[in-house]
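Engineer: What follows is a single structure, and I will ask about it in a moment.
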Amino acid sequence: MDTDSLHFLGRLGKPWGHQGELTVHLEGIDLDDIVHMGALFVDIEGQKVPFFFSHLRDQGRVGVLVKFDEFHDPQSAGILVGRDIYAPPGHLADASDESWDPDEFIGMLVKDEAHGDLGEVTAIEGTDKNPVLVILQGEQEVMVPLVEEMIVSMDLEERSMTIRTPEGLIDLYRNA
């Protein structure tokens with residue numbers, strides 16, 4: 001993956017609580033824009049390393065907190081204190097108003113939270129403002145709108161993503 005396409009978000013702060021959560025100092029980004037990403041890249045000695053998180057939340061006056069899956073206590077999470085964090089490519093529009101390229105999704109394996117494996121993205125249809133993923137599993141074709149709110153997580157290295165489709169959408173195709 002081209003780590004030059006990552007978007008700078010801010011910096012990780014000190015541990016908070018006893019579960020390995022860290023404070024997050026976001027710079028010019030809204031928490032709602034990143035809460036559904038599933039993973040953040042952390043700069044460790046010049047390498048951008050992906051870390052999956054179970055939650056990213058606003059904790060009032062403490063600020064934003066993140067709980068990475070790999071860390072379960074403040075001591076282990078402490079190795080990330082002071083490190084820069086980045087968003088995966090395709091999740092944020094940067095200052096030049098360049099957003100993710102829908103064609104990056106072709107070839108990804110898609111899984112729905114409720115319906116399991118949906119198949120592989122074979123094409124993008126629709127318009128630039130309203131792209132639609134064409135997902136093929138065997139002979140069955142499923143079309144799903146590509147909107148960030150439906151993306152639960154994405155693993156760019158594994159070329160896979162998990163989505164949360166509106167109730168009834170997948171059933172339209174499976175019952176046809």
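The values are calculated or read from the model by the stated rules, or taken from the named source; none is laboratory data. Treat the numbers as computed from the prediction; the structure is a model and nothing was measured. Virtual Cβ from ideal backbone geometry, glycine too; neighbours counted across all protein chains shown.
Engineer: Looking only at the range 147-176, filter to residues that are small (Gly, Ala, Ser) and surrounded by 13 or more Cβ atoms within 10 Å (Cβ to Cβ); which one of those is farthest from residue 86 (Cα to Cα)?
Structural biologist: 160
Engineer: Answer yes or no: is there a residue in the range 122-145 that is within 14 Å of the chain's Cα centre (by Cα), closer than 28 Å to residue 53 by Cβ and crowded, with 18+ Cβ neighbours inside 10 Å.
Structural biologist: Checked the range 122-145: no residue is within 14 Å of the chain's Cα centre (by Cα), closer than 28 Å to residue 53 by Cβ and crowded, with 18+ Cβ neighbours inside 10 Å.
Engineer: Looking at (1) surrounded by 15 or more Cβ atoms within 10 Å (Cβ to Cβ); (2) among the aliphatic types (A, V, I, L, M); (3) touching a Leu at 6+ places or on another chain (Cβ under 9 Å); (4) modelled with pLDDT of 80 or more, can you tell me which one residue 56 breaks?
Structural biologist: It fails just one condition, (4).
Engineer: Kindly list the number of the only condition in (1) hydroxyl-bearing (Ser, Thr, Tyr); (2) at pLDDT below 85; (3) within 20 Å of residue 71 (Cα to Cα) that fails for residue 3.
Structural biologist: Only one criterion is unmet by residue 3, namely (3).
Engineer: Considering 92, 118, which residue is touching a strand residue (DSSP E or B) at 6+ places or on another chain (Cβ under 8 Å) and at pLDDT 85 or above?
Structural biologist: Within the list 92, 118, the selection yields 118.
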